[in-house]
Amino acid sequence: KELMKKKIIDCLKKAKLPLHVILRRGIPLDDITKALTNISLGSRLAVIDGMKELRRSHKAAENIVKAAAQRENITKVTTIAKTKRVNNGHDNLKKNGRAECFISYCWAQKDKVKILKETLEEHGIKCWMDEQQMEGGSMLFQEIDEGISASDVVISCLSPEYTKSINCNREALLAADRKKTTIPVIVEKLSQWPPRGNLGPILAGKLYIKMDDEAIQAREKSNEMQQLIESVLELLNTSSTNESTTTEVN
């Protein structure tokens with residue numbers, strides 16, 4: 001591989017063609033070939049193949065820089081959001097120990113949702129989700145009612161199983177009744193949007209985030225997870241500001 005690179009550079013020197021010209025976007029490879037007419041056919045083909053590889057490497061490097069910038073941006077967003085919440089007197093991680101984000105999901109997607117919950121909490125968002133698989137009962141319904149009522153945001157992790165689950169439908173209906181802002185997150189492909197049944201009228205018109213297995217496993221490195229984190233933080237900031245304003249008026 002090193003020998004090939006050396007040969008490419010040697011060919012470029014013979015052709016007096018600067019490397020930055022080769023890498024510049026918008027220059028067709030055919031034009032590069034014509035510029036190398038004083039080099040043998042075999043050498044020209046070697047140069048073209050080498051340039052294709054260099055362009056791919058250049059694109060990969062750009063993607064790495066872009067991903068790093070996105071991670072830096074979400075860190076800044078998180079820091080600013082935390083500062084605003086503390087300044088408004090609403091450090092929700094400590095406020096009465098309550099969860100500010102209620103996660104509604106079907107047990108079949110528990111492992112995926114746990115990753116989602118962990119990622120949100122790593123960015124200062126305290127979440128509540130049932131991890132005990134309690135089947136009904138007044139105590140469970142009371143906990144869910146209290147969790148949804150105390151939260152500022154509800155995340156509905158949608159899947160085909162979720163749309164058919166009586167308990168999941170009940171949670172979505174309760175969130176709508178409590179006038180909670182719901183963020184639909186599709187964790188498994190649905191046959192249509194909005195879903196059929198009770199969820200249709202509740203979720204119709206809402207913008208959803210489609211998060212496949214790869215995006216979930218990538219955590220905050222994925223654009224979808226970043227979008228979710230930023231959306232939740234923005235809603236929590238709005239809620240904190242409104243509560244602070246109400247308190248001042250009273």
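Numbers for the structure displayed
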quantity: Inter-probe distance in nm under a simple model that places probes 7 Å from Cα toward Cβ, at E121 and E143; calculated: 1.4
quantity: Kirkwood-type radius of the stretch 99-229, with distances r between different C-alpha atoms, in Å; calculated: 14.7
quantity: Spin-label model distance (nm) - D213 vs K164, 7 Å beyond Cα toward Cβ; calculated: 2.0
quantity: Estimated translational D of the stretch 184-227 in µm²/s (Stokes, Kirkwood radius over Cα pairs; 25 °C; 0.890 mPa s); calculated: 217
quantity: Efficiency of FRET from Cβ geometry, A108 and L173, R₀ 25 Å, rounded to 0.05; calculated: 0.80
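The numbers here are math on the coordinates, done by the rules we state, and not lab data. The model shown is predicted, which means the values in this text are computed figures rather than measured ones. So basically every Cβ, Gly included, is an ideal-geometry build from the backbone, and we count neighbours across all protein chains shown.
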